[in-house]
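Here the structure comes first, spelled out in structure tokens, and everything after it is commentary.
All of the numbers you see were taken from the coordinates with simple rules; none came from a lab. Quick caveat: nothing in here was measured; it's all calculated off a predicted structure. Positions of Cβ are generated from backbone atoms using ideal geometry, with glycine treated the same way; all protein chains shown enter the neighbour counts.
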Amino acid sequence: MARMTMIEAVRSAMDVSMAKDDNVVVFGEDVGYFGGVFRSTQGLQAKYGRTRCFDTPISESGIVGTAIGMAAYGLKPCVEIQFADYMYPAYDQLTQEAARIRYRSNGDFTCPIVVRMPTGGGIFGGQTHSQSPEALFTHVCGLKVIVPSNPYDAKGLLIAAIEDPDPVMFLEPKRLYNGPFDGHHERPVTPWSKHDLGEVPDGHYTIPIGKAEVRRAGSAVTVIAYGTMVHVALAAAEDTGIDAEVIDLRSLLPLDLDTIVKSVAKTGRCVVVHEATLTSGFGAEVAALVQEHCFYHLEAPVVRVAGWDTPYPHAQEWDYFPGPGRVGRALAEVMEA
């Protein structure tokens with residue numbers, strides 16, 4: 001066991017997977033010699049050689065297209081898109097090729113690729129380094145979408161994704177990359193807060209894809225979040241003193257609907273929190289599912305707390321995405337209804 005940042009946990013997951021299976025390859029822009037812009041692949045090329053961890057041209061479509069071809073022939077590529085904002089040139093490859101190979105070939109071919117990408121804000125990256133495009137992937141049948149909130153989950157879920165026979169989008173909240181975050185602070189704080197979810201095993205382990213985790217038990221209201229917003233939701237529950245149950249989705253597609261329904265049926269109230277823009281965000285799907293499956297249990301309308309419907313505002317970054325104050329007001333609102 002070791003205490004790891006999320007960067008270290010992600011690196012450890014790739015290291016363990018590459019050691020276990022020679023078919024696992026890692027590549028992307030600056031991924032090889034430099035070790036990645038966030039150093040998530042540092043040391044892998046030196047350890048496994050240039051044929052298994054290597055740099056690519058600045059071509060996201062080329063990176064994903066190459067990975068798809070490799071996967072069809074039996075390799076297991078784990079590729080990096082340097083920022084989630086850069087994935088758009090590869091969107092055609094992901095949606096028209098990777099997501100459909102199993103179905104187009106009647107199961108003769110699969111596409112066991114993982115596409116890693118730093119996502120979200122928190123580093124003053126501006127409009128082209130801070131987007132949260134997860135909803136664009138959850139709309140695509142054939143893809144799996146994961147957003148971890150802590151190092152332990154990041155490692156276990158990434159290993160599970162690499163071993164999965166189908167394409168997995170692995171979105172890593174960059175605000176959580178280099179240290180703990182307790183929801184109250186703009187920057188990571190040390191040591192880990194009381195919401196620390198434990199040390200990370202050095203070796204191989206997996207976390208099932210499609211299973212949510214209840215991070216805080218409660219009976220008054222259900223708060224559904226993922227990634228960075230899990231920590232914000234925990235902070236809001238602490239600040240307000242409301243007996244909120246906080247669910248960390250971890251996997252958006254497939255979605256653990258059973259855990260959501262069980263919780264909302266118990267509490268009768270629901271707040272959905274995410275960093276991405278409000279309109280057509282993934283929270284809208286969650287809210288619709290809650291209304292569909294829990295209508296007769298609800299004591300108040302489902303409330304969404306999300307980013308603004310505007311291009312990412314560099315100068316107002318910390319107002320753009322939800323903080324514990326905004327989430328706390330939403331909790332108070334549903335409790336008063």
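Round to the nearest 10 and give me the degree value, 0 to 90, for the angle of helix 282-294's Cα axis relative to the longest principal axis of the chain. Between the helix axis and the principal axis of the chain, the angle is about 50 degrees.
The H on the amide N of residue 299, modeled in the peptide plane, is under 5 Å from the matching H of 269, each at least 5 residues off or on a different chain. Fully extending the segment from residue 258 to residue 292, taken as 0.36 nm per residue of separation minus the present Cα-Cα distance, adds 10.9 nm. Partner lysines whose Cα lies under 27 Å from the Cα of residue 211, excluding those fewer than 8 positions away in the same chain, are identified as 20, 76, 144, 155, 174, 194, 262, 266. Charged neighbours of residue 240, selected by a Cβ distance under 15 Å, balance to -2 (K, R count +1; D, E count -1).
For region 6-176, the fraction of C-alpha pairs farther apart than 23 angstrom is 31 percent.
A Förster radius of 35 Å combined with the Cβ-Cβ distance from residue 266 to residue 206 puts the calculated FRET efficiency at roughly 0.75. In this structure, residue 199 and residue 42 have a Cβ-Cβ separation that, at R0 = 35 Å, corresponds to a calculated FRET efficiency of about 0.95. Averaging the Cα positions of each part gives two centres, and for region 106-176 and region 32-84 these lie 15 Å apart. The C-alpha atoms of the chain define a longest principal axis, and helix 257-267 lies at about 20 degrees to it. Its Kirkwood hydrodynamic radius, worked out from the mean inverse distance over all distinct Cα pairs, puts the chain at 20.1 Å.
Could you tell me which of rounded, prolate or oblate describes region 219-273, using a ≥ b ≥ c as the square roots of the eigenvalues of the alpha-carbon gyration tensor, with rounded for a/c under 1.5 and, failing that, prolate when a/b is larger than b/c and oblate otherwise?
Oblate is the answer for region 219-273, as a/c is 1.5 or above yet b/c matches or exceeds a/b.
Residues considered: 86, 296, 48. Largest GNM mean-square fluctuation over the chain, using C-alpha springs under 10 Å, is found at 296. Close amide H pairs (under 5 Å, H built 1.01 Å from N) link residue 172 with 117, 119, residues at least 5 positions away or on another chain. Springs join every pair of Cα atoms under 10 Å in this Gaussian network model of the chain, and among 125, 281, 35 the largest mean-square fluctuation is at 125. Sequentially through region 133-146, phi angles give Karplus couplings (6.51, -1.76, 1.60; θ = phi - 60°) of x, 4, 5, 5, 8, 5, 7, 9, 5, x, 9, 10, 10, 10 Hz, Gly and Pro residues having no value and appearing as x. Between residue 103 and residue 239, the FRET efficiency from the beta-carbon distance, with R0 = 56 Å, is close to 0.75. Counting Lys and Arg as +1 and Asp and Glu as -1 over every other residue whose Cβ lies under 10 Å from the Cβ of residue 208, the net charge comes to +1. Our summary of shape: the Cα atoms of region 213-336 have principal axis extents of 42, 31, 24 Å, ordered from largest down, in whole angstrom. How much net charge surrounds residue 271 when only other residues with a Cβ under 12 Å from its Cβ are counted (Lys, Arg +1; Asp, Glu -1)? In short, +2.
In order along region 82-92, the Karplus-derived 3J(HN,Hα) couplings, from 6.51 cos²θ - 1.76 cosθ + 1.60 at θ = phi - 60°, round to 3, 9, 4, 4, 8, 7, 4, x, 8, 4, 4 Hz, and Gly and Pro are given as x. Within region 210-307, the GluC sites (Glu not before Pro) that combine a DSSP coil assignment with at most 16 other C-beta atoms in a 10 angstrom radius are 299. One decimal place: the segment residue 300-residue 280 gains 5.1 nm when fully extended, by the rule 0.36 nm per residue minus the C-alpha distance.
Near residue 76, the amide H atoms lying under 5 Å from its own belong to 24, 25; only residues 5 or more places off or on other chains count, and H is placed 1.01 Å from N.
Once the Cα-Cα distance is subtracted from the 0.36 nm per residue extended length, the residue 139 to residue 329 segment shows a gain of 65.4 nm.
DSSP beta bridges confined to the chain are antiparallel in about 15 percent of cases.
For the chain, the longest principal axis of the Cα atoms and the long axis of helix 60-72 meet at an angle of about 70 degrees.
In the elastic network of the chain, a GNM with C-alpha springs shorter than 10 Å, the most mobile of 315, 233, 19 is 315. Panel order for 229, 117, 18, by other beta carbons found within 10 Å of each beta carbon, from fewest to most: 18, 117, 229.
Rounded to the nearest Hz, the phi-derived 3J(HN,Hα) couplings of region 98-103 under the Karplus curve 6.51 cos²θ - 1.76 cosθ + 1.60 (θ = phi - 60°) are 4, 6, 10, 4, 4, 7, where x marks glycine and proline.
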